[in-house]
Amino acid sequence: MMSYPDYDDYGTRDQVGYGLGPGDCPACGAPPGEQHGCSLADRSSVTGRHPEVTVQLTGTDGSASAVLGRVQRALRDAGAPQREVDQFRLEATSGDQDHLLQTCMHWVDVT
């Protein structure tokens, strides 16, 4: 069986087959901590989530409405379009409390 290197033809680390390194922006390829060449909408359309948005849920009110409100506010504050905030809310409220928390962790960075 042939093994393939972890690097693409350009010598950059190939995480998912597109020359992206761990944490690189999937829309523009910017490494963590560097200026993006894309908009927040570009990034979310590629990933369906906003990993650059951090929401602290530990040590706060854990009720479903409080969690939902904190994440929605963080998305809005980060400049996410209203349609994405609505999409998040619909997805997050389509199940039980566990589903809500899993959806939050999918959409944003939860601490």
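The values are calculated or read from the model by the stated rules, or taken from the named source; none is laboratory data. Here the structure is a predicted model, which is why all the values come from computation and not from measurement. All Cβ positions, even for glycine, are placed from backbone atoms using ideal geometry, and neighbour counts span all protein chains on display.
Looking only at residues in segment 56-88 that are polar (S, T, N, Q) and within 14 Å of Met105 (Cβ to Cβ), which one is modelled with the lowest pLDDT? Of everything passing the filter in segment 56-88, Thr58 is modelled with the lowest pLDDT. Looking at segment 38-55, is at least one residue of a type in the set (Gly, Ala, Ser), touching a strand residue (DSSP E or B) at 6+ places or on another chain (Cβ under 6 Å), modelled with pLDDT under 90 and not in a loop (DSSP other than H, G, I, E, B)? Yes, the conditions are met somewhere in segment 38-55. Take the conditions (1) out of contact with any strand residue (DSSP E or B) (no Cβ under 6 Å at 6 or more places or on another chain); (2) more than 23 Å from Pro31 (Cβ to Cβ); (3) not in a helix (DSSP H, G or I); Leu100 misses just one of them, which is (3).
Every condition in (1) within 26 Å of Pro31 (Cβ to Cβ); (2) in a helix (DSSP H, G or I) holds for Gln72 except the one numbered (1).
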